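Rule-based calculations on the coordinates, nothing more; no lab input. Everything quoted here is computed from the prediction, not taken from an experiment. Quick reminder, even Gly has a Cβ in these numbers, built from the backbone with ideal geometry, and neighbours come from all protein chains shown.
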Amino acid sequence: MTLVLAPGTAALLALADQRLPSGGHVHSGGVEQAITDGLITGVQSLERFLERRLRTTGLVTAGLAAAAATITTPGQLQRLDREADARTPSPAQRLASRAQGRGLLRTAKATWAAPSTTLSWTDLGPRPHHPITLGCACAAGGVTPQGAALAAAYLSVSAPSTAAQRLLALDPVTVAAVTVRLGPAIEQVAAVAAHNLEFEHLPDDSDPLLDLLAERHAAREERLFAS
Amino acid sequence: MRPDLYLSDSADGGARLGVPRPAALPHELPGEDPHEHRAGPGRLSGEHGPLRVGIGGPVGSGKTALVAALCRVLGEKLQLGVVTNDIYTTEDADFLRRNAVLPDERIVAVQTGCCPHTAIRDDITANLDAIDDLVERLAPLDLVLVESGGDNLTASFSRGLIDVQIFVVDVAGGDKVPRKGGPGVTTADLLVINKTDLAPMVGADLDVMSGDAHKVRGDKPVVLQSLREDPAATDVANWVLAQMARVPA
Ligand SMILES: Nc1nc2c(ncn2[C@@H]2O[C@H](COP(=O)(O)OP(=O)(O)OP(=O)(O)O)[C@@H](O)[C@H]2O)c(=O)[nH]1
Ligand SMILES: [Mg+2]
C-alpha cells in the first residue's frame, strides 16, 4: 500500500505541534489580557476571539511563513523581516514574535543542518520573527509553502486556546473541539495567504483590538504569560 | 576521541568538559559501558559556559532564601547570575534585588505560562533564552542559579537546562516528605531538608527525615539546614563549590 501525501507532511505535523519545545507555551496571543478585560469569559467568547485572531494575525503570519519557505537569499530574508515588522504595529507583538522565533530557531538548528542549500540558520539573525522562522523550518523539513501557511494559521489559534483553557480552567475536550471545528476556516486562511507569495502581495490585515491587548499586557506587573 | 578529556557519565552532560562536542553522542570509554551524554541543544555552543545549578522544591520551602544565601556567600568570589521562574509576579526576583544580594542586571525573571513545571522540564526555551541573555551581557560568568517556581514533589529540571540540581523541602511540610519520594527527592543531585529550626514546633523527627531521604536516594547527598541558624548555607555553598571544581579552569 502506498500513502499518498505531500512530502514533508510528518515534519509539518511536528512543527504545528504545540509540544514542540520552542517556547510557545509562555505566550497567550492576547488571551490573558482579553480574559482580564472581560472579553473572553467562556468557550463561546473564546471561539469568537480565536476566529477573529485567525482572520487577522493568522492570515498575516500564514502569508509570512509561506513566503519564508520560498526564500533563497539572505537579502530576501532581510526584506521579509522588514515586511513582518511593518505588518506588526504593536511593539509588544513584535517582541513576542521575535522571542518565539528565537525559540523555534534553536529547535530548528538542532533538527536540520540548514534551512536550504543556499541559506544558513545564522542568516536569520539571533531573533527572527516567528512566522519567518517557521517558514524556514518548514522548508528545511521539506514542507511546501502551503504547508507552512497551514502551520502558521493553525498555531495562531491552537496556542491561544490552550492559554485560555489553563486560565479559565475550561473543559479541555470542549476547547479541543473548538480548535478542530475551526479547521475549515484555518485551511481557507492558509490557502488565501499562500495564494500570491510576492512580498508586496502578502496579507497585511491588522486588528487594533489585538494590538491594544498586547500593549496593555506588556505594561502589566502581574501576569502568567510573556504575551 | 580523547578519553582523558572526559570526566564521567555524570549530571554535567559533557558540556563542561575539556573539549566542545555535540550533545548525546554515544561513545565508549575504557572500562565503561557505552553511554550517551544528556546535554540539550542549549548546551551546543561549544564554549564552557557557567555551571548551571537548578534549585527546585515545593512552594515556600526556602528556595529564594537559599539563592540569596548563595549569592551573598559566593557572589564575592564568583561571577554570578540568577534566573527566577516566578508564577505570577516578579516577587522572587524583586526580593533578591531589594536585598541587594546581586546587582540588578544579574537577576532575570521569566514567565512560565501558568505551568512552572513545563518551563523547567518540558519546554525550557524561556529559561535557556534568559541564561543566554545573562551570558551575553555579563560574560564571563562562573555560575548561574535557576530557581524554579514553587511546585510539587514531581518537579525536576531537564538536563538540557541545568548541570546539577538541588531540591529543597521544608521540615514544616511534615517528616513524611522524604518518604513520599518523587523525582525531586529521589533524583536531585543534592537534597536539602530546610528549616530544621522548626522541627520541634511541628513535631517533625529529623532522624526519620534524614533516614528516609538516604533510603530513597542511595549514595546521593542530603543536607539538613536551617537558614535561620546558618544564613551562609555553608554546606550547600561548599557542595556548589565542589561541583565547580570539577570544571576545568
Ligand atoms: N524558620 C525558617 N524559615 C525559613 C528558613 N528558610 C527560609 N525560611 C522562610 O520561609 C519563607 C519562604 O521562603 P522562600 O525562600 O521565599 O521560599 P521559596 O521556596 O522561594 O518560595 P516560592 O518561591 O514561593 O515557592 C520565608 O519567609 C523565609 O524567610 C529556615 O531555615 N527556617
Ligand atoms: Mg521563591
query = Which of the GluC sites (Glu not before Pro) across the range B:56-110 are loop residues per DSSP, with 13 or fewer other Cβ within 10 Å?
reply = B:Glu76
remark   = Averaged over residues of A:135-146, the number of beta carbons from other chains lying within 10 Å of each residue's Cβ is 0
query = With axes computed from alpha carbons, what is the tilt in degrees of helix A:172-181 against the longest principal axis of chain A, rounded to the nearest 10 within 0 to 90?
reply = 50
key: Relative contact order (%) - criterion: Cα under 8 Å, at least six apart; region: the range A:97-227   = 18
task = Using the charge dipole of chain A (Lys, Arg: +1 at Cβ; Asp, Glu: -1 at Cβ; taken about the Cα centre), state which of A:Ala114, A:Gln44, A:His130 has its Cα farthest towards the positive end.
result = A:Ala114
message = Contact order normalised by length for the range A:15-167, with contacts defined as Cα pairs under 8 Å and 6 or more residues apart; what percent is it?
response = 42
Equivalent ellipsoid dimensions for chain A as semi-axes, Å, which come from the Cα gyration tensor, largest first = 27, 20, 16
request  = Classify the protein assembly as shown as rounded, prolate or oblate, taking a ≥ b ≥ c as the square roots of the eigenvalues of its Cα gyration tensor: rounded when a/c is under 1.5, otherwise prolate if a/b is larger than b/c and oblate if not.
outcome  = prolate
ask   = Looking at the range A:75-177, which trypsin sites (Lys or Arg not before Pro) are DSSP coil and have at most 13 other C-beta atoms within 10 Å of their C-beta?
value = none
Burial order of peptide ranges B:171-178, B:109-116 (average beta-carbon count within 10 Å, highest first) = B:109-116, B:171-178
ask   = Out of B:Ala199, B:Ala109, B:Val59, whose Cα points farthest toward the positive end of the dipole of the range B:51-244 (charges: +1 Lys, Arg; -1 Asp, Glu; placed on Cβ)?
value = B:Ala199
request  = Quick one: which residues, 5+ away or cross-chain, put their amide H under 5 Å from the amide H of A:Gly142? H built at 1.01 Å from N.
outcome  = none
ask   = Going toward the positive end of the dipole of the range A:143-222, with +1 on Lys and Arg Cβ and -1 on Asp and Glu Cβ, which of A:Gln188, A:Val175, A:Ala152 do you reach last?
value = A:Val175
key: For A:Ser161, A:Ser90, order by how many other beta-carbon atoms lie within 10 Å, fewest first   = A:Ser90, A:Ser161
note = Count of lysine pairs, the protein assembly as shown, Cα-Cα under 17 Å, sep. 8 or more residues or interchain, comes to 5
key: Under 5 Å, built H, 5+ apart or other chain: amide partners of B:Leu51   = B:Leu143, B:Val144
query = When you look at the Cβ of every residue in B:123-132, what mean number of other chain Cβ atoms sits within 10 Å?
reply = 5
Chain A - charge dipole about Cα centre, Lys and Arg +1 at Cβ, Asp and Glu -1, debye rounded to 20 = 480
ask   = Okay, which of the range A:76-108 sit inside 18 Å, backbone N to the point 7 Å along the Cα-Cβ direction of A:Leu212?
value = A:89-93
remark   = When B:Leu198, A:Leu15, B:Leu190 are ranked with the fewest other C-beta atoms within 10 Å first, the list becomes B:Leu198, B:Leu190, A:Leu15
